[in-house]
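Contents: one structure, followed by commentary.
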Amino acid sequence: MAASSLALLSSFRGPELCKAKSLNSHSKSPSNVSFSFQCRKSRIPPFLCSVSVSDPQVLTGPPGDLVASILSKVTETDRGVLLTKEQQEEVTQVAQELQKYCVAAPVKCPLIFGEWDVVYCSNPTSPGGGYRSALGRLFFRTREMIQAVEAPDTVRNKVSFSALGFLDGEVSLKGKLKALDDSWIQVIFEAPQLKVGSLEFQYGGESEVKLQITYIDEKIRLGKGSRGSLFVFQRRE
């Protein structure tokens with residue numbers, strides 16, 4: 001998650017970059033993704049906010065139906081933990097259909113910026129690490145899992161939790177985003193910060209992830225990690 005980062009974003013222009021594809025188009029659909037955003041003028045350069053986040057072309061017709069479908073399948077499932085394998089496969093199938101409507105170069109789309117809730121992951125431990133493992137979930141109840149992407153190249157991940165049912169805490173990471181091509185990104189994170197009650201400290205070392213964006217609009221973002229995990233992000237209001 002560096003120099004060639006998203007500096008190229010400064011040359012982006014117009015809503016055409018974020019229009020969903022029509023199925024009548026025979027252009028090759030891109031591959032897969034990652035994490036979060038909201039277009040705020042105070043944090044995002046003017047050229048980014050020139051893109052309408054309420055462009056009706058993004059969520060009308062089939063893409064809008066598919067977005068509603070995938071959100072209905074992952075809502076209140078503890079980010080996918082409570083789903084059966086069959087239900088997870090249904091989520092995957094909808095995600096594959098949505099990929100057909102993905103913009104040609106999702107990494108260049110200004111809609112990536114903002115704050116996102118992680119509402120689903122096919123691998124529970126991909127976001128949150130050990131805190132989301134079967135054992136970890138016995139002691140840590142996840143409250144929020146948020147990813148913020150800030151212009152031009154900063155990513156902030158935060159997992160807030162309740163330990164043993166009474167002690168609040170959070171783990172946060174800050175990383176640098178680098179565009180690898182039109183759909184793949186790399187994020188290099190600094191050592192995580194852990195806060196539990198009044199205690200706060202840093203532990204571990206740097207970490208790196210690679211993600212491919214497979215679909216994005218003003219409501220959701222879909223992606224796949226380098227090991228194939230599917231993520232569904234919902235924009236925070």
Return the pair list, or none, for Cβ contacts closer than 7 Å from residues in the range 128-150 that are modelled with pLDDT of 65 or more and open to solvent by 40 Å² or more (accessible area, probe 1.4 Å) to residues that are in a helix (DSSP H, G or I) and not acidic (D, E), at least 6 apart or on different chains. F140/Y131
For S162, the lone unmet condition from (1) over 20 Å from E115 (Cβ atoms); (2) over 15 Å from the mean Cα position of the chain (by Cα); (3) open to solvent by 20 Å² or more (accessible area, probe 1.4 Å) is (3)
Would a scan of the range 208-228 turn up a residue that is open to solvent by 10 Å² or more (accessible area, probe 1.4 Å), within 18 Å of G80 (Cα to Cα) and not in a strand (DSSP E or B)? yes
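The values are calculated or read from the model by the stated rules, or taken from the named source; none is laboratory data. Note that the structure is predicted; figures quoted are calculated from it, not measured. Note that each Cβ is placed from the backbone with ideal geometry, even for glycine, and that neighbours are counted across all protein chains shown. Accessible surface areas use protein heavy atoms only, side chains included; no ligands, DNA or RNA. Shrake-Rupley method; radii C 1.70, N 1.55, O 1.52, S 1.80 Å.
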